[in-house]
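Right, one structure below, let's go through it.
The values are calculated or read from the model by the stated rules, or taken from the named source; none is laboratory data. This is a predicted model, so every value here is computed, not measured. A quick note on method: Cβ atoms are made from the backbone with ideal geometry, for glycine too, and the neighbour counts reach across all protein chains shown. Please note that ligands, DNA and RNA were not included when accessible areas were found on the heavy atoms of the full protein model with its side chains. Shrake-Rupley method; radii C 1.70, N 1.55, O 1.52, S 1.80 Å.
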Amino acid sequence: MSKRIGMEIALAAAEAVALCRPDVIAAYPITPNTHIPEHLSDIVAEGRLDAEFICVESEHSAMSACAGASGTGARAFTATSSQGLLYMDEVLGIVSSMRLPVVMAIGNRAISGPINIWNDHSDIMTMRDLGWLSLFAANGQEAVDMMIQSFKIAEDAAVQLPINVNLDGFQLTHMVEALFLPDQKEVDRFLPRRKPYAALHPDHPVTMGALGMPDIFTEATKARDQALVDSRKVILKVWKEWEKQFGRRYEPIEAYKTKGADVVMMTMGSMGETAEIAVDELRKDGVPVGLLKLKLWRPFPFEEMKKAVRGVKTLIVTDRCCSLGGPGGPLAAEVRSALYAEAARPVIENALIGLGGRDVTVDDFKQMFRQAGKSKGIYEFYGVRG
Amino acid sequence: MSTAKPISIVENFEIYAPKLVDKEEFFCSGHRACQGCGEALAIRLMCKALGKDTVIANATGCMEVIATPYPATAWTLPWIHVAFPCAAAVGAGVEAGLKVLRRKGVNPDRYIKTVTIGGDGGTVDIGLQALSGAMERGHDMLYVCFDNEAYMNTGIQRSSATPFGASTTTAPAGKASIGNKTWKKNVPEIMVAHNIPYVATASPSYPIDFMNKVKKARSIQGPTYIHCLSVCPTGWRAKSEECIKLGRLALETGVFPLYEVENGVYRLTVEMPDPLRPVTDYIKTQGRFRHLTPDEIRDIQGRVDLEYRKLMNKVEHSLSWTE
Amino acid sequence: MAQKKWPETWQEVTPGCMIFEGGNSREYHTGSWRAQRPVWDNAKCIKCGICYIFCPEACVKEDARGYFAADLDYCKGCGICAHECWPGAITMIEEG
């Protein structure tokens with residue numbers, strides 16, 4: 001039976017990972033994800049989890065060790081943030097190209113510089129195009145649930161791709177929240193042992209990580225892209241199974257009070273919780289506003305996106321990241337391209353907000369709703385001084 | 001019918017030792033290494049010594065490129081390549097994975113050795129951090145560095161394993177330059193400083209010695225390291241047929257003595273000539289050293305002599321350190 | 001030259017470009033690179049196997065009588081075997 005407990009979200013996420021019985025965990029410390037591997041090492045040290053915990057000397061080696069372990073057929077897990085993610089960047093695309101279902105928790109944090117340890121999404125956006133599946137948790141419960149779901153999704157025979165679960169640094173990782181933690185029996189029922197497509201063992205030798213020359217690279221890339229596109233079906237299936245077993249519903253884009261809303265806000269991650277309160281308050285005042293919370297970043301849910309904005313006049317996309325010298329925020333750019341061919345698409349505004357850990361309050365969201373339609377450019381740094 | 005003089009196999013066991021080597025090939029024909037590649041040969045010999053129950057993790061480099069152009073592979077051993085700097089970390093993951101899967105009964109209850117291989121660039125430069133980490137953590141893994149003394153795969157650029165005075169494409173000899181201005185980094189010694197149970201130098205020019213070292217390292221449960229000088233005729237501007245000879249000259253001149261360090265105790269494994277041959281004998285056969293003046297060669301001779309004395313001092317005294 | 005098994009379409013590319021046929025590099029014949037080929041004079045051969053052990057191509061093979069020869073499908077003509085054969089049983093001759 002699931003247990004309702006109050007726990008720091010990073011620790012709860014670690015408990016969730018442990019329930020998935022990972023075989024190998026390789027991690028290197030970096031704030032703010034560190035409590036996850038720390039707590040996992042506690043669990044291993046207490047003998048509650050039979051796993052190899054490798055204290056690697058860098059994030060590059062963390063992801064590389066996960067690749068090697070995953071290659072043997074082991075269930076491999078790591079966690080990181082910000083500069084750590086950038087340091088493992090080289091290996092990330094390779095892991096997905098090799099179809100190794102490594103699971104990674106990311107305690108999202110701004111990329112330097114100036115150096116900043118607090119939350120935004122600039123870290124995860126650097127690996128947008130590297131072939132990983134990517135989920136965003138809005139709260140502790142989602143973080144716990146997604147950790148468990150992610151192993152099942154990644155290891156599905158039709159997927160075999162790495163996946164990351166994004167938890168806003170501090171805003172989620174360091175918050176204590178009341179949440180349900182499933183028990184081992186329930187997780188064992190949901191998540192069977194990994195059945196690898198191939199494994200490094202002399203009884204069935206395989207060459208992994210071969211050289212792709214120009215006459216095969218295009219085909220190999222198309223195959224990778226298709227694998228990501230096709231993974232959507234598996235994600236939806238796993239979420240259905242989750243809902244059936246645990247009663248909590250997951251969708252690529254969760255709509256909150258969008259019925260009849262003229263103005264709709266879009267968020268990823270923990271800001272959705274704050275935005276909900278703003279929507280409630282404005283609705284109470286008779287202002288027809290709504291909220292879309294994106295939970296699935298890769299593969300991007302194009303179809304759900306189109307459906308979600310039907311009838312909406314103005315869509316304010318919030319981005320906790322700036323594509324410097326580019327189109328504003330990466331989420332808004334994606335939403336715009338998703339809706340480009342739609343005849344009745346909303347006006348899309350893009351607010352860059354909550355950068356480097358700056359608080360985003362209920363009042364901020366209310367103000368953004370009130371200012372809807374008044375944006376001057378294609379994107380704006382909300383609340384910037386000067 | 002042979003008319004050659006009959007030679008007693010018993011009295012000349014070493015001559016016939018190649019006949020006794022396992023005939024099974026794990027690194028197969030059809031690979032695309034250059035003619036006379038000392039590294040491809042070394043890998044072939046290493047695999048014979050390792051045998052079937054082995055998993056290989058390979059750093060990016062010549063050997064990865066020439067052996068696995070998809071959909072072809074020269075490997076019959078399970079093999080994984082991820083990237084350039086991280087082979088030791090990949091090997092660490094493989095080792096951890098094999099260990100835990102065996103413990104949990106997922107894999108058969110049988111010992112499988114993890115062996116990580118890389119060139120000098122992937123080992124002593126960009127891969128040094130991952131190597132140090134893996135050795136320091138004590139993974140049950142053999143790491144073999146195939147040192148051809150420059151970045152051959154990308155076109156003979158200088159690495160920290162390139163010897164003093166060698167001309168490379170990024171440390172070229174010229175009117176104002178001797179070529180590479182630094183002395184070869186002593187990575188076997190760095191490995192010894194990690195206090196791992198076994199470190200050795202090797203060369204495919206001494207195939208039985210090399211294979212014995214691989215077998216010994218394989219039998220040790222823990223981190224072990226072999227630094228294998230792998231002659232690259234292409235990059236060294238030497239004749240392909242002289243590949244083996246160059247490895248021998250490296251030993252006979254004292255440039256690359258073959259030794260092993262077992263639990264801190266140094267031992268020469270191939271007898272050194274006394275006196276050593278002059279380094280000129282080694283240098284003059286290679287185009288990469290062609291520009292060197294007699295004075296510069298004298299400098300190299302001085303350094304080789306010094307390093308050799310340091311090594312011999314350890315060979316003579318290291319046993320007493322453990323007493 | 002043996003027929004190359006080639007995945008023509010993206011659907012045929014194995015997941016992760018994994019290769020399951022170990023040693024299928026043998027389908028690629030490197031013998032065409034060769035400018036010279038080694039020829040054994042069995043009268044001088046002492047059957048020591050030095051040519052076998054020093055071949056980077058793994059293409060020197062021992063026959064039933066204990067003599068050696070290079071598989072010319074793969075021999076790149078590096079000349080190591082001829083250079084290392086101390087009884088002088090191997091000669092490199094130009095390919096015509």
Requested in this report: Could you please give the count of residues in segment B:71-100 that are buried (at least 24 other Cβ atoms within 10 Å of the Cβ), facing chain A (nearest Cβ under 7 Å) and not in a loop (DSSP other than H, G, I, E, B)?
Outcome: 13
Report task. Tell me which of these C:Met92 doesn't satisfy, since it passes every other one: (1) within 9 Å of chain B (Cβ to nearest Cβ); (2) in contact with an Asp or Glu (Cβ under 9 Å, 6 or more places away or on another chain); (3) assigned to a loop (DSSP other than H, G, I, E, B); (4) open to solvent by 10 Å² or more (accessible area, probe 1.4 Å). Result -> (3)
Requested in this report: Only one of these is part of a loop (DSSP other than H, G, I, E, B), β-branched (Val, Ile, Thr) and in the same structural domain as A:Asp225 (by TED's automatic domain parsing): A:Val56, A:Val91. Name it.
Outcome: A:Val56
**Report entry** Residue selected from segment C:45-65 under the condition assigned to a loop (DSSP other than H, G, I, E, B) and either of a type in the set (Phe, Trp, Tyr) or more than 8 Å from every other protein chain (Cβ to nearest Cβ) (or both), by the criterion nearest to C:Glu94 (Cα to Cα)
**Finding:** C:Phe54
Query - Criterion violated by A:Lys222 - all others in (1) touching a strand residue (DSSP E or B) at 6+ places or on another chain (Cβ under 8 Å); (2) open to solvent by 60 Å² or more (accessible area, probe 1.4 Å) satisfied - result: (1)
Requested in this report: Give the residue, chosen from B:Lys23, B:Lys52, B:Lys19, that is open to solvent by 40 Å² or more (accessible area, probe 1.4 Å), part of a loop (DSSP other than H, G, I, E, B), free of Cβ contacts under 8 Å to residues at least 60 places away in the same chain and within 9 Å of chain C (Cβ to nearest Cβ).
Outcome: B:Lys23
Query raised in the report: What number of residues in segment C:20-49 are closer than 21 Å to B:Cys28 by Cβ and either within 22 Å of the chain's Cα centre (by Cα) or touching a residue at least 60 places away in the same chain (Cβ under 8 Å) (or both)?
Result: 17
Report task. Select from segment A:97-128 the residues that are surrounded by fewer than 24 Cβ atoms within 10 Å (Cβ to Cβ) and among the β-branched types (Val, Ile, Thr) and write down the one among them that is nearest to the chain's Cα centre (by Cα). Result -> A:Thr126
Requested in this report: State yes or no: is A:Arg194 among the basic types (Lys, Arg) and under 25 Å from A:Ala67 (Cβ atoms)?
Outcome: yes
Query raised in the report: Before we move on, is B:Thr60 under 15 Å from A:Ser64 (Cα atoms), open to solvent by 10 Å² or more (accessible area, probe 1.4 Å), more than 7 Å from chain A (Cβ to nearest Cβ) and at pLDDT 95 or above?
Result: yes
Requested in this report: Go over the candidates A:Met266, A:Met208 one by one and state the one that is buried (at least 18 other Cβ atoms within 10 Å of the Cβ), in contact (Cβ under 8 Å) with a residue 40 or more places away in the chain, over 24 Å from A:Ser70 (Cβ atoms) and not β-branched (Val, Ile, Thr).
Outcome: A:Met266
Query raised in the report: out of contact with any Leu (no Cβ under 7 Å at 6 or more places or on another chain) and in a loop (DSSP other than H, G, I, E, B) - does that describe any residue in segment B:208-217?
Result: no
Requested in this report: Quick one: count up the residues across segment B:262-276 that are surrounded by 15 or more Cβ atoms within 10 Å (Cβ to Cβ) and over 21 Å from the mean Cα position of the chain (by Cα).
Outcome: 1
Report task. Could you tell me whether any residue of segment A:105-123 is more than 14 Å from every other protein chain (Cβ to nearest Cβ), of a type in the set (Asp, Glu) and in a helix (DSSP H, G or I)? Result -> yes
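Residues are listed down the side, and each one gets a yes or a no for (1) in a helix (DSSP H, G or I); (2) out of contact with any strand residue (DSSP E or B) (no Cβ under 9 Å at 6 or more places or on another chain); (3) under 20 Å from A:Val102 (Cα atoms):
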residue: A:Ala10; (1), (2), (3): yes, no, yes
residue: A:Arg21; (1), (2), (3): no, yes, yes
residue: A:Tyr28; (1), (2), (3): no, no, yes
residue: A:Asp42; (1), (2), (3): yes, yes, no
Query raised in the report: Going through segment B:231-243 one residue at a time, which ones are within 14 Å of chain C (Cβ to nearest Cβ) and either in a loop (DSSP other than H, G, I, E, B) or over 25 Å from B:Arg158 (Cβ atoms) (or both)?
Result: B:Val231, B:Cys232, B:Ala238, B:Lys239, B:Glu241
Query raised in the report: C:Trp10 versus (1) more than 18 Å from the chain's Cα centre (by Cα); (2) facing chain B (nearest Cβ under 10 Å); (3) at pLDDT 95 or above: which is the lone unmet condition?
Result: (2)
Query raised in the report: Within segment A:129-186, how many residues are hydroxyl-bearing (Ser, Thr, Tyr) and either more than 30 Å from A:Gln226 (Cβ to Cβ) or open to solvent by 10 Å² or more (accessible area, probe 1.4 Å) (or both)?
Result: 1
Query raised in the report: Among the residues of segment A:8-40, which ones are open to solvent by less than 40 Å² (accessible area, probe 1.4 Å), more than 27 Å from A:Ile115 (Cα to Cα) and of a type outside the set (Val, Ile, Thr)?
Result: A:Ala12, A:Glu15, A:Ala16, A:Ala18, A:Leu19, A:Cys20, A:Pro22, A:Asp23, A:Leu40
Query raised in the report: Out of segment C:15-35, which residues are among the polar types (S, T, N, Q) and surrounded by fewer than 19 Cβ atoms within 10 Å (Cβ to Cβ)?
Result: C:Ser32
Query raised in the report: Do any residues in segment B:297-309 that are under 16 Å from B:Asp274 (Cα atoms) have Cβ atoms under 6 Å from those of residues that are modelled with pLDDT of 95 or more and crowded, with 18+ Cβ neighbours inside 10 Å, where the two are at least six apart or on different chains, and which pairs are they?
Result: B:Gln301/B:Val279; B:Val304/B:Gly254; B:Val304/B:Val255; B:Val304/B:Val279; B:Tyr308/B:Gly254
Report summary line: B:Cys228 passes all but one of the listed conditions (1) of a type outside the set (Lys, Arg); (2) within 21 Å of B:Cys34 (Cα to Cα); (3) part of a loop (DSSP other than H, G, I, E, B); the exception is number (3)
Query raised in the report: So B:Ala33 fits all but one of (1) assigned to a loop (DSSP other than H, G, I, E, B); (2) touching a strand residue (DSSP E or B) at 6+ places or on another chain (Cβ under 8 Å); what number is the exception?
Result: (2)
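The rows are residues; the columns are (1) in contact with a Phe, Trp or Tyr (Cβ under 8 Å, 6 or more places away or on another chain); (2) within 7 Å of chain B (Cβ to nearest Cβ).
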| position | (1), (2) |
| --- | --- |
| A:Val44 | yes, no |
| A:Asp50 | no, yes |
| A:Ser58 | yes, yes |
| A:Ala62 | yes, no |
| A:Ala69 | no, yes |
| A:Thr72 | no, yes |
| A:Arg75 | yes, no |
| A:Leu85 | no, no |
| A:Met88 | no, no |
Report summary line: Of the residues in segment B:114-154, those that are in a strand (DSSP E or B) and away from chain A (no Cβ under 14 Å) number 7
Query raised in the report: If we scan segment A:289-301, do we find a residue that is on the phi > 0 side of the Ramachandran plot and either buried (at least 22 other Cβ atoms within 10 Å of the Cβ) or more than 25 Å from the chain's Cα centre (by Cα) (or both)?
Result: no
